[in-house]
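The values are calculated or read from the model by the stated rules, or taken from the named source; none is laboratory data. Just so it is clear, the model here is predicted, and its values are computed rather than measured. Here the Cβ is made from the backbone with ideal geometry for all residues, glycine too, and neighbour counts use every protein chain on show. Protein only, heavy atoms only, side chains kept; ligands, DNA and RNA dropped before computing areas. Shrake-Rupley method; radii C 1.70, N 1.55, O 1.52, S 1.80 Å.
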Amino acid sequence: MKYEWRKREKDIYLPAANPAKIAVPPINYFTLKGKGNPNNEAFKESVEALYALSYVIRMLPKKGITHDGYYEYTVYPLEGVWDLDEEGRQLEQLDKDRLVYKLMIRQPEFVTADLFSFAKEVSAKKISDALLQAAKFETIEEGLCVQCSSDLIVMA
């Protein structure tokens, strides 16, 4: 039976309308850091690279590869953490060229650093060397968080 995060991890990925405290456990991700306007080509290439790496893992059985603990699953969504560089923080208006970000796609528990290296090798024809070198396999622990649906977020 296919593991579908939308159904099994609603507390993390489909927050309720009312704010709630949740404890986010350590989670494995493929990540890439970047800088600049998300409408530019570099951002698009980073997103494509993360999905290419993630789909190598997802499609292992179709290549005849069985990894310990593998189970069929839906690829997780793209996530991002955004900030402004120092100069951007001093400006009175948002300058998208001053954005800095970390993009990430969560990976199932069975994914290891070795599988990540394998995914990079398989993706070498599709992803630039610079992005392959910058891509990381990370465990991120958010811990205790407050979460609510974006319908309630009001920007001042």
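Structure values in brief
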| read-out | value |
| --- | --- |
| Accessible area expressed per residue, the chain, with surrounding protein chains retained (probe 1.4 Å, Å²) | 64 |
| Spin-label pair Ser128/Val146, simplified geometry with 7 Å Cα→Cβ offset, distance in nm | 4.0 |
| Low-density loop positions, trypsin sites (Lys or Arg not before Pro), the range 1-103 - DSSP coil, at most 11 other Cβ in 10 Å | Lys2 |
| Computed lengthening from Asn40 to Tyr55, 0.36 nm per intervening residue step minus Cα-Cα distance | 3.1 nm |
| Distance (nanometres) between label positions extended 7 Å along Cα→Cβ at Asp83 and Ala23 | 2.7 |
| Inter-site label distance for Ser117 and Glu48 at 7 Å from Cα along Cβ, in nm | 2.8 |
| Too-long pairs where the Cα-Cα distance tops 30 Å, listed order kept, from Lys2/Lys35; Lys35/Lys63; Lys62/Lys136 | Lys2/Lys35; Lys35/Lys63 |
| Between the range 93-121 and the range 3-72, the Cα center-to-center distance that results, in Å | 8 |
| Cα-based convex hull volume of the range 57-111 per residue, rounded to whole Å³ | 102 |
| Portion, in percent, of the accessible area of the chain that falls on carbon or sulfur, probe 1.4 Å | 52 |
| Cleavage-rule hits, GluC sites (Glu not before Pro), the range 1-70, DSSP coil, Cβ neighbours within 10 Å at most 15 | Glu4, Glu9 |
| The chain: radius of gyration and largest Cα-Cα distance (Dmax), Å | 17.3, 55 |
| Normalised per residue, the volume of the convex hull around the Cα set of the range 82-156 (Å³) | 176 |
